[in-house]
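Visitor: I have a structure I would like to understand better, so I am pasting it below and will then ask my questions one at a time.
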Amino acid sequence: MNSKGFRKIYEYIHQLFSKEDEILKSVNQSTIRNFLPQIGIRPNQGKFLQMLVMLSKAKNILEIGTLAGYSAIWMARALPPDGKLITIELNPKHAKVAEKNFQSAGLADKIKVRVGEALEVLEEMERENIGDFDMIFIDAHKPDYPKYLEKVIKFSHSGTVIAADNVIRRGEVLNKKSKVDRVVGIQKFNQMLSDRDDVIATIIPNISRSGFDGIAVVIVK
Ligand code: DHB
Ligand code: MG
């Protein structure tokens, strides 16, 4: 089957299982209206993350890479009433758009945006003793994925679920000679997941905006 066929299957699954309500549609519109990059996760991926939140019975979620808040809304909707989500965003303009979207979604009391370079924010959080997350979603600067992983494992406990977007990227990861820093970063990240004996991990292939892609799913032992 060619990629057009895969897209049709994606649409079929999407129509059945991940229809967007008005809030999610308005989040997508907010990215267009505010000229944010069109690189957010797709509905099927949102539904998948939501189910991971439910399976892990997460009360505390960490997200690296907020953009307009689309993925955070999918995940936060599966939180219990006292659940919380912290999402880290580099770009203050994106953070503002996201905060507005969280308000519209009625989730502003559950979601806190921390603005800054993710590795620096993670260090700040370490100093503030904020940690111990049940679910972590990584979807930010690809060359830094290996460093994100080292850091977030410190914020984990046995059973924490970690998911990471864009770990296949149209098969770019198959090119062992690649010198593209985002590809090298993802290759190293995937290899770390394979090598580490404190986690179990796999990659679920999927269709993202950029085409054929995958989400890594990790459980901390
Ligand atoms: C792109 C897609 C993503 O999901 C992401 O996190 C970053 C970039 C892209 O299509 O360029
Ligand atoms: Mg992504």
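Since every read-out is calculated from the coordinates, none of them should be taken as a lab result. Since this is a predicted model, take the numbers as computed values, not measurements. A quick note on method: Cβ atoms are made from the backbone with ideal geometry, for glycine too, and the neighbour counts reach across all protein chains shown.
Visitor: Could you work out the local net charge near residue 139, counting Lys and Arg as +1, Asp and Glu as -1, over the other residues with Cβ closer than 14 Å to its Cβ? List each step's numbers first, then the result.
Guide: Numbers: positive: 42, 142, 169, 182, 209; negative: 63, 89, 144, 165, 213.
Every neighbour counted, the sum reads 0.
Visitor: Still on this structure: Need the full-extension length gain, residue 126 to residue 210, defined as separation in residues times 0.36 nm minus the C-alpha distance. One decimal, nm.
Guide: 26.9 nm
Visitor: Based on the alpha-carbon gyration tensor of the range 131-221, what equivalent-ellipsoid semi-axes (square roots of 5 times the eigenvalues) come out, in whole Å, largest first?
Guide: Rounded to whole Å, the semi-axes are 22, 13, 11.
Visitor: Taking Rh as the Kirkwood radius computed over C-alpha pairs, what is the Stokes-Einstein D of the range 74-191 at 10 °C in a medium of viscosity 1.306 mPa s, expressed in µm² per second?
Guide: Numbers: Rh = 15.6 Å.
My calculation gives 102 µm²/s for D.
Visitor: Cα centroids of the range 30-55 and the range 111-142: how far apart, whole angstrom?
Guide: 18
Visitor: Magnitude of the Cβ-charge dipole of the chain, K/R +1 and D/E -1, about the Cα centre, nearest 20 debye?
Guide: Details: 33 positive and 27 negative charges, 175 e Å.
In debye, rounded to 20, the chain gives about 840.
Visitor: Quick check on my link table: of 57/188; 57/93; 47/142; 110/154; 47/177; 4/147, which ones sit more than 27 Å apart, alpha carbon to alpha carbon?
Guide: On the way: 57/188 29 Å; 57/93 32 Å; 47/142 22 Å; 110/154 23 Å; 47/177 34 Å; 4/147 35 Å.
Check vs 27 Å cut-off fails for 57/188; 57/93; 47/177; 4/147.
Visitor: Work out, in µm²/s and without decimals, the Stokes-Einstein translational diffusion coefficient of the chain at 20 °C, 1.002 mPa s, Rh from Kirkwood over C-alpha pairs. Let's see the in-between values first.
Guide: On the way: Rh = 17.6 Å.
D, rounded to a whole number, is 122 µm²/s.
Visitor: Select from 55, 187, 79 the residue farthest towards the positive end of the dipole of the chain; place +1 on Cβ of Lys and Arg, -1 on Cβ of Asp and Glu, and compute about the Cα centre.
Guide: Result: 187.
Visitor: Helix-derived [θ] at 222 nm for the chain: sum -39500 (n - 2.57) over DSSP H runs of at least 4, divide by residue count, nearest 500? The partial results should precede the final answer.
Guide: Values: 8 runs with 95 residues, N = 221.
Using -39500 (n - 2.57) per qualifying helix, the result is -13500 deg cm²/dmol.
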